[in-house]
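Peer 1: Supplied in structure tokens, the structure appears directly below.
No value in this document is a laboratory result; all are computed from the given coordinates. What you are looking at is a predicted structure, and each value in this text was computed from that prediction instead of being measured. Note that each Cβ is placed from the backbone with ideal geometry, even for glycine, and that neighbours are counted across all protein chains shown.
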Amino acid sequence: MNISEAEFPESLTDIKDVIGFDGAMTLLSKCAGTRLFIPKKMKAQHKLAQLLGFEQAALMSQHFGGETISIARAARAKRALRNREIVRRYDAGERVPDIAQDVELTERQIYSILSQGEY
């Protein structure tokens, strides 16, 4: 998932400030739409340590320890990413029916994205 920093969900800004853009992107890609309890004392076996590495997970504990944080779904950013990919594939010469089938949209939706510049 290649969401730009400008498209990054505002609700995850605090997390991004603590563990950086790449760490926040990891959480977004693996835990989108969930809530995570952040322990006050991080252990190497904790899910967060497994996902991010112990150092970044420990930083999360220092800043958010004892809290349950919500990881955004980032639907708008994912939709923009999908739409850019549709345009890229179309510009590369792929047929609309093939793109529509791959991204599970109708041909009409693909044409709408292409004509309105929804990317």
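Peer 1: Going 7 Å from the Cα of Arg88 along its beta-carbon direction, which residues of the range 25-39 have the amide nitrogen within less than 11 Å of the resulting point?
Peer 2: Flagged as within label range: none.
Peer 1: With θ taken as phi - 60° and the coefficients 6.51, -1.76 and 1.60, list the Karplus ³J(HN,Hα) couplings across the range 8-21 in order, rounded to whole Hz; mark glycine and proline as x.
Peer 2: 4, x, 4, 5, 9, 4, 4, 5, 4, 5, 7, 10, x, 4
Peer 1: Hey, another quick one. Mind checking which aspartates and glutamates have their C-alpha under 18 Å from Lys16, skipping anything on the same chain fewer than 8 residues away?
Peer 2: Output for Lys16: Glu5, Glu7, Glu55, Glu67.
Peer 1: State the extension gain, in nm to one decimal, for the chain segment bounded by Lys43 and Phe21, taking 0.36 nm per residue of separation less the distance between their alpha-carbons.
Peer 2: So the extension gain works out to 5.7 nm.
Peer 1: Still on this structure: Which ³J(HN,Hα) values in Hz, rounded to whole numbers, follow from the phi angles of the range 47-52 under the Karplus curve 6.51 cos²θ - 1.76 cosθ + 1.60, where θ = phi - 60° and Gly and Pro get x?
Peer 2: 3, 5, 5, 5, 6, 9
Peer 1: Another one. Can you work out ³J(HN,Hα) from phi for every residue in the range 91-106, in order, using Karplus 6.51 cos²θ - 1.76 cosθ + 1.60 and θ = phi - 60°, giving whole Hz and x for Gly and Pro?
Peer 2: Running phi through 6.51 cos²θ - 1.76 cosθ + 1.60 with θ = phi - 60° gives 5, 7, x, 6, 7, 4, x, 5, 4, 4, 5, 5, 9, 6, 10, 7 Hz.
Peer 1: With P(r) over Cα pairs in 5 Å bins from 0, in percent in mind, check (1) 2, 11, 17, 17, 13, 8, 6, 5, 5, 5, 4, 3, 2, 1, 0, 0; (2) 2, 13, 25, 24, 16, 11, 7, 3, 0; (3) 2, 11, 19, 18, 12, 10, 9, 8, 7, 4, 0 and report the label derived from this structure.
Peer 2: (3)
Peer 1: Taking GluC sites (Glu not before Pro) as candidate sites, keep only those in a DSSP loop with at most 14 other Cβ atoms within 10 Å, then name the longest stretch of the chain containing none of them.
Peer 2: Working: sites that count: Glu67, Glu94, Glu104.
Counting at most 14 other Cβ atoms within 10 Å as exposed, the longest clean stretch of the chain is 1-66.
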